[in-house]
Amino acid sequence: MTTTNNFHVITKVIGKDELIFQFTDFSCWIYRVNPRANFWRKAIGYFTFKNIAERDLVFNTYLVKYKDKLDDKAAARKARLAANKKKRDDLAASIKVWDLFHRSWGYDMTFNDFYQVTNVKGKKIYVRPIATKLTDWYRWYSGEEMPVKDSFIWDEKGYILSPHGWIKVCEYDHAYKSDWDRSYYFNRED
């Protein structure tokens with residue numbers, strides 16, 4: 001325990017967290033240090049006590065509770081990752097070559113991108129963008145279109161299948177598994 005300006009300071013490392021206990025005569029502030037930012041700490045607790053014995057009890061009880069909390073979080077994370085892996089494996093097993101992925105995008109216009117699955121290796125899905133054909137034309141540059149099988153536009157790319165059933169085809173958007181036999185609305189008007 002170090003003493004600075006009427007404070008007694010104890011530093012403990014629990015898991016990856018560094019905790020600082022700052023004691024005065026009848027109170028204790030608890031801070032968690034951010035390892036990525038120098039000198040940054042966040043207050044996570046405050047206790048008052050009547051004597052030294054109660055202070056030691058609060059200190060030891062808090063350490064035990066904090067360690068249990070970290071263990072519970074680690075167990076929950078491990079269970080969540082296992083559930084996501086199982087879900088992803090089940091989804092990857094259901095995806096076959098020639099399945100279709102679709103992405104609709106645009107702010108004031110609506111565009112459609114279609115991707116045909118060319119290969120599946122574990123959780124990685126290989127797709128190629130394909131062309132579309134017009135099925136219905138409305139006025140003012142809008143209508144409906146359908147994907148055309150095996151009419152590839154670009155080269156094959158591999159994407160990781162998410163546990164939720166989509167692939168991230170660009171930095172800001174995802175493509176979802178879709179049907180070949182339906183029309184998709186588009187609007188190319190500004």
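The values are calculated or read from the model by the stated rules, or taken from the named source; none is laboratory data. Nothing here was measured: the structure is a model prediction, and the numbers come from that model. Glycine gets a Cβ as well: all are built from the backbone with ideal geometry, and neighbour counts include every protein chain shown.
Against the criterion of being surrounded by 11 or more Cβ atoms within 10 Å (Cβ to Cβ), more than 32 Å from the chain's Cα centre (by Cα) and either outside any helix (DSSP H, G or I) or aromatic (Phe, Trp, Tyr) (or both), residue 102 does not qualify.
The set of residues in the stretch 159-182 being in a strand (DSSP E or B) and either touching a Cys at 6+ places or on another chain (Cβ under 9 Å) or loosely packed, with under 13 Cβ neighbours inside 10 Å (or both) consists of 160, 170, 173. Within the option set 31, 62, 46, 66, being within 33 Å of the chain's Cα centre (by Cα) and surrounded by fewer than 11 Cβ atoms within 10 Å (Cβ to Cβ) holds for one residue only, 46. Applying the selection to the stretch 71-101, what residues are at pLDDT 90 or above, among the small types (Gly, Ala, Ser) and within 22 Å of residue 174 (Cα to Cα)? Across the stretch 71-101, the qualifying residue is only 83. For the residues 97, 58, 64, 117, the requirement of being aliphatic (A, V, I, L, M) and part of a loop (DSSP other than H, G, I, E, B) singles out 97.
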